[in-house]
Amino acid sequence: MMGNAMVVINAMPSKIHEAIKKENLSIEVTTRCTSNCTYCFVRSGSSEYHDLDYRTVLSIIKEGYEIGYRHLHITGGEPLLWGHLFDICDNAIVMGYESIFLNTNGFLFDSNTLKKLKSIKGLNLSISLLGFPDIHDTFRGYNSFIKTAQAIEMALNHNIPLYLFCVVGKSLLAHLPHFVQWAFQKFPGIKEITLIQLIRVSGNADKVFNELLTPDDFVSLVRIISLLNVYGFSVSLLENPLAAVVAQMLELPWFSSSPHLIRPGRLTIKADKSITIAHSSCQSLGTYSRGKLHRILTSEVYLHGIEDDCNTCASCKHMAVCRKAGMQRPSEPFRDMQETIPYCKRVLDSLL
């Protein structure tokens, strides 16, 4: 009670409360980076750099833990450029977080940094390798393939759990089976290769236009992933439930489903303190302050944002098969250059 006014805190909906127990709380600690990737959405359309301050991040992880998060995702930019990374990781583990997933390009690895990373309980790393040298360097700069391969080997030599992230455009798709086989042979300690469909972002559409996957390309990608898993290669497609629908229609039982980009419990706090549902989303849910996470998760705006699409999907002939495969809303419009007809509809129409 404050004076004559009562502070009302909305109850956490049960589906949100249950989801956040398994969901990562994502924090973009900085937009500064040692890479300059043409497909990067973090710095697209902006010439400014942002860093979260230590007290803000500490407040975020405390509040996150209090409302039920047990898994933390730290990203950037390049998180190793942020001076408080190891202190925050230590604090998170002491609080009771069970795991920390860290995205890095590994360019700043040295023996001391790797020892510190190795000491963090429940830490998993991801490093992005975008294909063979010519493909990787085209997207990430001259000689970056060598630096990235060295970073992967250094992390594995320190027995740090490592996922290989690969952004897939047309160039990699043409060589994907060969690349996956090579990568598992070259880096036998990696836990999984996680593929990410290349998207267009503000300011770079012209640079990636020829690399964006057409509907037919996407179907080929699903077929390739399915066959790679048959042959014992652990390969997944990140946050792309359309793939599960395609696999179901093609009767490919070897394809593991993936969650939607927008889902219950999902939150990202960006380096400028804005809060979005997903890291690649431009829709702000407000600016972080103490208590903001709980208010967002219990707000009508958030609950409406994560619910099934009842407008676009209702008029689509594929809705039944999509719902059966766990896809609740259309694919995001940044999958290719055409927005008049949803990407998912064009993909599924191609199978009929």
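Values computed for the structure shown
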| read-out | value |
| --- | --- |
| Dimensions (Å) - the range 245-352, Cα atoms, principal axes, largest first | 50, 28, 24 |
| Stretchable slack from residue 142 to residue 272, in nm (0.36 nm times residue separation minus alpha-carbon distance) | 43.8 nm |
| Residues 178, 50, sorted so that the one with the fewest Cβ neighbours within 10 Å comes first | 178, 50 |
| The chain, relative contact order [Cα under 8 Å, separation at least 6], % | 17 |
| Net charge of neighbours whose Cβ lies under 9 Å from the Cβ of residue 213, counting Lys and Arg as +1 and Asp and Glu as -1 | -2 |
| 24 Å Cα-Cα threshold exceeded, pairs from 116/292; 118/292; 21/292 | 116/292; 118/292 |
| Tail weight of P(r) past 17 Å, computed on alpha-carbon pairs of the range 21-130, percent | 53 |
| Semi-axis lengths, Å, the range 60-196, gyration tensor of Cα atoms, sqrt of 5 times eigenvalues | 29, 15, 14 |
| Computed over the range 187-324, the ratio Rg/Rh where both radii use C-alpha atoms and Rh is Kirkwood | 1.01 |
| Calculated FRET efficiency for the pair residue 48/residue 214, C-beta based, R₀ 22 Å, to 0.05 | 0.05 |
| Mean Cβ neighbour count within 10 Å, used as a protection proxy, ranking 290-303, 256-269 highest first | 256-269, 290-303 |
| Computed lengthening from residue 320 to residue 12, 0.36 nm per intervening residue step minus Cα-Cα distance | 107.9 nm |
| Cut-off 11 Å between beta-carbons: net charge of the residues surrounding residue 240, Lys and Arg +1, Asp and Glu -1 | -1 |
| Cα coordinate range in the chain, projected on the principal axes (Å, largest first) | 66, 56, 38 |
| Neighbour-count order for 32, 200, fewest beta carbons within 10 angstrom listed first | 32, 200 |
| Mean residue ellipticity (222 nm) of the chain, computed from DSSP H runs ≥ 4 via -39,500 (n - 2.57), nearest 500 | -10500 deg cm²/dmol |
| Relative contact order (percent, whole number), the range 161-293, Cα cutoff 8 Å, 6+ residue spacing | 18 |
| Fraction of antiparallel bridges per DSSP, the chain only, in percent to nearest 5 | 15 |
| Dipole magnitude of the range 14-308 about its Cα centre (Cβ charges: Lys, Arg +1; Asp, Glu -1), debye to nearest 20 | 520 |
| For the chain, with +1 on Lys and Arg beta carbons and -1 on Asp and Glu, the positive-most of 106, 130, 202 along the dipole | 106 |
| Stretch gain in nm, segment residue 156-residue 351, where the contour uses 0.36 nm per residue and the Cα spacing is subtracted | 66.1 nm |
| Proximal lysines to residue 345, defined as alpha-carbon separation beneath 18 angstrom and excluding residues fewer than eight positions away on the same chain | 317, 324 |
| Share of pairwise Cα separations in the range 61-119, more than 20 Å, in percent | 24 |
| Sequence-distant aspartates and glutamates (8 or more away, or on other chains) whose Cα lies within less than 12 Å of residue 273 | 28, 51, 53 |
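Every number here is computed from the coordinates shown, using simple stated rules; none is lab data. Not measured: the values here are computed from a predicted model. Cβ coordinates were reconstructed from backbone atoms using ideal geometry, including for glycine residues, and neighbour counts include every protein chain displayed.
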